[in-house]
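Peer 1: Got a structure for you, questions after.
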Amino acid sequence: MALSGMRGLSVFISDVRNCQNKEQERLRVDKELGNIRTRFKNEKGLSPYEKKKYVWKMLYIYMLGYDVDFGHTETVSLISAPKYPEKQVGYIVTSCLLNENHDFLRMVINTVRNDIVGRNETFQCLALTMVGNIGGKEFSESLAPDVQKLLISSSCRPLVRKKAALCLLRLYRKNPDVVNVDGWSDRMSQLLDERDLGVLTSVMSLFVALVSSNIEAYWNCLPKCVKILERLARNQDVPQEYTYYGIPSPWLQVKTMRALQYFPTIEDPNTRRALFEVLQRILMGTDVVKNVNKNNAAHAVLFEALALVMHLDAEKEMMSQCVALLGKFIAVREPNIRYLGLENMTRMLLVSDVQDIIKRHQAQIITSLKDPDISIRRRALDLLYGMCDVTNAKDIVEELLQYLNTADFTMREELALKAAILAEKFAPDLSWYVDVILQLIDKAGDFVSDDIWYRVVQFVTNNEDLQPYAAAKAREYLEKPALHETMVKVSAYLLGEYSHLLARRPGCSPKEIFAIINEKLPTVATSTVAILLSTYAKILMHNLPPDPELQEQIWSIFRKYESYIDVEIQQRAVEYFSLSRKGAALVDVLAEMPKFPERQSALLKKAEDAEVDTAEQSAIKIRSQQQTSNALVVTDQRPANGSLPVSQLGLVRMPSQNMEASTQGQASSREEGMTDENGSINKVVPQDASTADLLGDLLGPLAIEGPQVPTVPGEQKDKNLLSALEATPEEAGPLALATVDDQPNSVQPIVNIAERFNALCLKDSGVLYEDPHIQIGIKAEWRAHHGRLVLFLGNKNTSPLVSVRALILPPTHLKMELSMVPETIPPRAQVQCPLEVVNLRASRDLAVLDFSYKFGTAVVNVKLRFPVVLNKFLQPILVSAEEFFPQWKSLSGPPLKLQEVIRGVKPLSLPEMANLFTSLHLAVTPGIDANPNNLVACTTFYSESTRAMLCLIRVETDPSDRTQLRITIASGDPTLTFELKECIKEHLVSIPMQTPPPAVSPVQPQSPVSPAAYNDPGAMLAGLL
Amino acid sequence: MIRAVIVMNTQGKPRLLKFYEFQPPEKQQELTRSVFAVLSGRPDNVSNFVEADAIFGPGTRLVYKHLATLYFVFVFDSCENELAMLDLIQVLVETLDRCFKNVCELDIVFNFNKMHTILDEIIFGGQVLETSSERVLKAVEEISRLEKSSSSVSFVPKSVSGRFGR
């Protein structure tokens, strides 16, 4: 056994290994830490060797999970040691222990620089490795030029140059300015001529990073990449050491093909032909072989080739060939290949014309749903979800239902959701849809979210033909001995509404219906009791001529709950009791639920949220967008009185809690009474729908996400306001933009604009807008109250876009300066327009990008909300408990400290919420609040008026009810406190608008508020909240 | 980009941790534990891929190899090719094998410092640096030579007593 070469270190490691338990280990480690600490303090007696030994021990202890909070100086100081061994340890351990912002790094920056520019190659390697592993803005600014020199130097050994290439890549990621685009396009082209495959691999990684942010500058490199690929594929001039299991450097092949995927297309016919020859060779020449490693390497290349073929949108013949290959892969024994086969087939769904070929493999894919490997099962589920359409929905959904019985618990929720969505989207008839959802609830009630049963209720309500069927089904399910709570809810609800339609069937008299539902009453939770009470009231209403016995039974239940501890139930009981004594009046009050307005499935949104937001938009997402239109076509073909509801056509977002609110609200036809945490009754007027909605819908597309409020009855009214605004355009001011989405553009975006906007609120780069002609991307960098953004305008066509115009309409709190936007964007070109932002004060008002261009005869004009939002000017900061509490106490009470109970929160687990906070630039600080259900976060807000301002946030959650929480925010500026609170709130509750509001219909203006008051959306929002 | 390299044994004890985006020590342990929890539940003869979204954030995956008493795990984002990552694990393993002649867990435990040296020659700042295990080996040997030659000059006279005293 080889040893570390340091006896003390080996002894320590074996001591730790010999520890019987964690406690012993901790004692041994503590003893060692004490020892090291003493040794470090006593500086005289420490030889370089000892220093080195102790630093290694520290790293070992650190790896075991113990905090090593001293000795950093000693570690870093080893970097400056003259001899290699100490220096090496210093560099390695520093790069493991310190993060890029650590102050100590500043101390050694000169040494590092000297090592890089010095002549000693071994020192150069050490320094480059540390810089590359740590990254760091300061390194980036001061070292990049020197690293660049090493990369292009002809006298350096490959060993140094390949490290320099990757080091530069890391520095470029930290600060893109270090690579000057103009000079680099030629330089890159030269670098790609490199013969040494080690250097070339690193250079290719650098190239991928550069080209991913600016394709334009590197067109000249495209033929070089193809050349490299040809060289490797033909195995020309590939040294033995770079042949991995007989395959010429699979990594370089893969990376090169990755790089090629950044170019939208390959115009030059010769290059294109050469590339397709190589790809063809890879596709045809790869077989599954026995040696696992060879197999993996060959298929790494093959799958990358497949991705490139898909990207280049090759001829149909080649595509079919790819699908055929994938079809083979999903059936092989080797699980890795099966996994990737399924994954790539899912990507393949994006390619038009091959769906039918993919469908031929349906049986095999369904088999994969039973694979022993959960990774493969997930891939199969994704693929089935993506490939589902009207022709195979029945088969696929039924498979999913069957699979639900045996699926892993971790997958069931997703599975249930996906089955529900597919059933809704592609239902050949609606009774089948009802069957599927009820089966889902029955089989996997625990995993069926409320959204799912809300949705089925909504469908049934909107479809008279469906009502008797659904009621009968609900009645059937109630016969079952053990019933999931959700099933009780949905059955009770449906029977309350529609059981009178069954009255003549056996077992369906009001009395019998009541009896069978009432059996469940003793065992259900309060939320269900509330629904049951409403059902009883409805049964009572249909109990004509009155059956005194039934009446008495129900009354006695109402009386029993009159003194119930839960206020919601108490109030229902009291009100239903007195209402039901009014006889005929009851019929009006408890009339059947009106049809729901059209809205989008909350489920779809949920599924989308659950998906990963990667750079490449996932195939399923795009497919699902395509499929929405399928659904449209299908429904359109139905007769005018067809049984499919409008809801499948008009897709308008439905905040998930709406329905419950409206169900309860309307069923009882009264104001909602809610309790706050103190138990006092707190009247929440059903959100004065006209004003609230107007915010949600009017401002939604314009500037601000409206608060989450029930919008059910409101649709009509906000239209009113919209027309009111249009009637007085001179007063409407910026609100004229409210019609953003109503513009009669013939060109429709192919991304979900609201979703893109929301994503960009949480991250700094991505696509803001895309239609068939243009893609607008953003990349942003924030520093204190300054922001530097770059708009990327990419012409996707082979002809130029003309009359391009981009205007930024900033709100009053932002200074924004957009540099010149060229009037013409050449074919397939991307232009970059820098944009400078200065934040003057805290506000959630938004800037709008008014963008237009001409393509052919079509003029396209879009107005886009621009993601320069409050949280961009936050910088997370970690605050210790000693600092936190005095601050927290000193900021007492409103308006500096505000508290609010927020309901209707998206149910997030604490880690999920912490993630959300992190993406909002709030530093979640554990250990300050003793209660594990609470989160404390700190951040600094920067604006010109406030400068740096510390903000403290505390969130108290209720583990038994994730939909509500209490948030307390404190800062030294009242506006900031308020705005920050609202900003966080929006993200906690926001289920933002996805599709445009329905077209404006001419309704008489009835606006209660003067439109002039709406000029400042922020003020209006503030006034209303 | 490769986000992390984790080598741990089948009891979940970390043997080598390298994160290419800084993580505080508690976080490192938490991540390692989560990875172990996922891997230890996976039977043999399944794929080497696991989605790691829940552990390392959206879009991340991990590829692992289970060899004797060790798991070799690479965590990476959507910019990398899964099978190429698996190949790279193989390169690491083959290099270790040549370095230590039939590598076993103990070699890795007692030479964790050397592990860092080797890994730094294969992965650099989260990117593939070198894929030829011959080249890696050469670089590592060169470093060992440097360590020995200069150390014999620098510390032996001073620390002779220290070496034998313990």
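The values are calculated or read from the model by the stated rules, or taken from the named source; none is laboratory data. Since the model is a prediction, treat every value here as computed from it, not as a measurement. Neighbour counts are summed over all protein chains in view; Cβ atoms, including those assigned to glycine, are modelled from backbone coordinates with ideal geometry. Side chains are part of the model used for accessible areas, which takes the heavy atoms of the whole protein and leaves out ligands, DNA and RNA. Shrake-Rupley method; radii C 1.70, N 1.55, O 1.52, S 1.80 Å.
Peer 1: Under 18 Å from a point 7 Å along the Cα-to-Cβ line of A:D850: which residues of the stretch A:781-816 have their amide N that close?
Peer 2: Hits in the stretch A:781-816 for A:D850 at 18 Å: A:803-816.
Peer 1: Using only the alpha carbon atoms of the stretch B:8-158, find the Kirkwood hydrodynamic radius as the inverse mean reciprocal pair distance, in angstroms to one decimal.
Peer 2: That comes to 16.6 Å for the stretch B:8-158.
Peer 1: Let me ask you something else. Subtracting the Cα-Cα distance from 0.36 nm times the residue separation, let me have the gained length for A:E317 to A:S212 in nm, one decimal.
Peer 2: Full extension from A:E317 to A:S212 adds 34.9 nm.
Peer 1: Okay, next question. Per residue of B:17-27, count partner chain C-beta atoms within 10 Å of its C-beta, then hand back the mean as an integer.
Peer 2: 5
Peer 1: Considering the zone a paramagnetic label at A:R26 would reach in this model (a point 7 Å from Cα along the Cα-to-Cβ line), which residues of the stretch B:1-44 have amide N under 13 Å from it?
Peer 2: In the stretch B:1-44, the label zone of A:R26 (backbone N under 13 Å from the point 7 Å along Cα→Cβ) covers no residue.
Peer 1: Once the Cβ-Cβ distance between A:S765 and A:E817 is put in as r, and R0 is 25 Å, what FRET efficiency do you end up with, to the nearest 0.05?
Peer 2: Efficiency, from the Cβ-Cβ distance: 0.80.
Peer 1: Cα to Cα, under 19 Å, and not fewer than 8 places away if on the same chain: which lysines meet these conditions relative to A:K582?
Peer 2: A:K538
Peer 1: Within 10 Å of each Cβ in A:85-96, how many Cβ atoms from other chains are there, averaged over the peptide?
Peer 2: 4
Peer 1: So what J values fall out for the stretch A:323-333 if you push phi through Karplus, 6.51 cos²θ - 1.76 cosθ + 1.60 with θ = phi - 60°, rounded to Hz, Gly and Pro as x?
Peer 2: Computed from phi, the couplings for the stretch A:323-333 are 4, 4, 4, 4, x, 5, 4, 6, 10, 7, 6 Hz.
Peer 1: How compact and how long is the stretch A:877-984, expressed as Rg and Dmax of its alpha-carbon atoms in Å?
Peer 2: Computed over the Cα atoms of the stretch A:877-984, radius of gyration and Dmax are 13.2, 42 Å.
Peer 1: If I model a spin label as a point 7 Å beyond the Cα along the Cα-Cβ vector, how far apart are those points for A:N291 and A:A515 in nm?
Peer 2: 7.8
Peer 1: Another question about this same structure. Mind putting a number on the dipole of the stretch B:1-160 about its Cα centre? Charges go on the C-beta only, +1 for Lys and Arg and -1 for Asp and Glu, and I need it in Debye to the nearest 20.
Peer 2: Rounded to the nearest 20 debye, it is 560 debye.
Peer 1: Turning to a different aspect of this structure: Expressed as a whole number of Å, what is the distance separating the alpha-carbon centroids of the stretch A:154-199 and the stretch A:465-537?
Peer 2: 71
Peer 1: Can I ask one more? How high is the FRET efficiency between A:V574 and A:F885 when r is their beta carbon distance and R₀ equals 41 Å, given to the nearest 0.05?
Peer 2: Once rounded, the FRET efficiency stands at 0.35.
Peer 1: Same structure, new question: Within the set A:K31/B:K148; A:K174/A:K981; A:K418/A:K473; A:K52/A:K87; A:K163/B:K18, which residue pairs have Cα atoms separated by over 20 Å?
Peer 2: With Cα atoms farther than 20 Å apart: A:K31/B:K148; A:K174/A:K981; A:K418/A:K473.
Peer 1: A further question follows. Which of the listed residues, A:T857, A:P810, A:L846, is farthest toward the dipole's positive end in the stretch A:807-866, when Lys, Arg count +1 and Asp, Glu count -1 at the beta-carbon?
Peer 2: A:L846
Peer 1: Under 8 Å for C-alpha pairs, at least 6 residues apart: give me the relative contact order for chain B, rounded to a whole percent.
Peer 2: Answer for chain B is 21 percent.
Peer 1: Gain in length, A:K328 to A:D237, computed as 0.36 nm per residue apart minus the alpha-carbon separation, to one decimal in nm?
Peer 2: Between A:K328 and A:D237, full extension yields an extra 29.5 nm.
Peer 1: For the stretch A:312-359 and the stretch A:930-947, write down the distance between their C-alpha centroids in whole Å.
Peer 2: 48
Peer 1: Here's a follow-up. Would you list A:L544, A:L952, A:L325 from the most to the least accessible area, probe 1.4 Å?
Peer 2: A:L544, A:L325, A:L952
Peer 1: To continue, here is another question. Whole-Hz Karplus ³J(HN,Hα) for the stretch A:451-464, in order, using 6.51 cos²θ - 1.76 cosθ + 1.60 and θ = phi - 60°, x for Gly and Pro?
Peer 2: Per residue, the Karplus-derived 3J(HN,Hα) values read 3, 5, 6, 4, 5, 5, 4, 4, 4, 5, 4, 7, 10, 4 Hz.
Peer 1: Continuing with the same structure: Multiply the residue separation of A:L910 and A:E267 by 0.36 nm, subtract the distance between their alpha-carbon atoms, and state the gained length in nm to one decimal.
Peer 2: 226.4 nm
Peer 1: What's the center-to-center distance, using Cα atoms, between the stretch A:767-812 and the stretch B:1-51 in Å?
Peer 2: Using only Cα atoms, the two centres lie 39 Å from each other.
Peer 1: Would you calculate the volume per residue, in Å³, of the smallest convex hull containing every Cα atom of the stretch A:473-539?
Peer 2: 71
Peer 1: Students often get this wrong, so check it: of A:K779/A:K872; A:K294/B:K65; A:K51/B:K13; A:K815/A:K897, which have C-alpha atoms separated by over 18 Å?
Peer 2: Pairs exceeding the cut-off: A:K51/B:K13; A:K815/A:K897.
Peer 1: While we're looking at this one, here's another question. Using the basic label-point model (7 angstrom from Cα toward the beta carbon), what is the A:D193 to B:E21 distance in nanometres?
Peer 2: So the label points at A:D193 and B:E21 sit 3.8 nm apart.
Peer 1: Name the residue from A:L312, A:F329, A:V292 whose Cα lies farthest towards the positive end of the charge dipole of the stretch A:292-395, charges +1 on Cβ of Lys and Arg and -1 on Cβ of Asp and Glu.
Peer 2: Farthest towards the positive pole: A:V292.
Peer 1: For an R0 of 41 angstrom, estimate the FRET efficiency from the Cβ-Cβ distance between A:S556 and A:T410 and round to the nearest 0.05.
Peer 2: Rounded to the nearest 0.05, the efficiency is 0.35.
Peer 1: If you don't mind, there's one more thing I want to ask. What would the Debye equation give as log₁₀ I(q)/I(0) for the stretch A:347-451 at q = 0.14, 0.19, 0.24 Å⁻¹, counting only Cα atoms as equal point scatterers?
Peer 2: Scattering profile of the stretch A:347-451, log10 relative to I(0): -0.51, -0.93, -1.37.
Peer 1: Same structure, new question: A:D446 label point, 7 Å along Cα→Cβ, cut-off 17 Å on backbone N: hits in the stretch A:478-497?
Peer 2: Counting only backbone N, you get A:482-488.
Peer 1: Check which residues have an amide H placed less than 5 Å from B:R15's amide H, if you skip close sequence neighbours.
Peer 2: Counting only residues 5 or more places away or on other chains, the set is B:V7, B:M8, B:N9.
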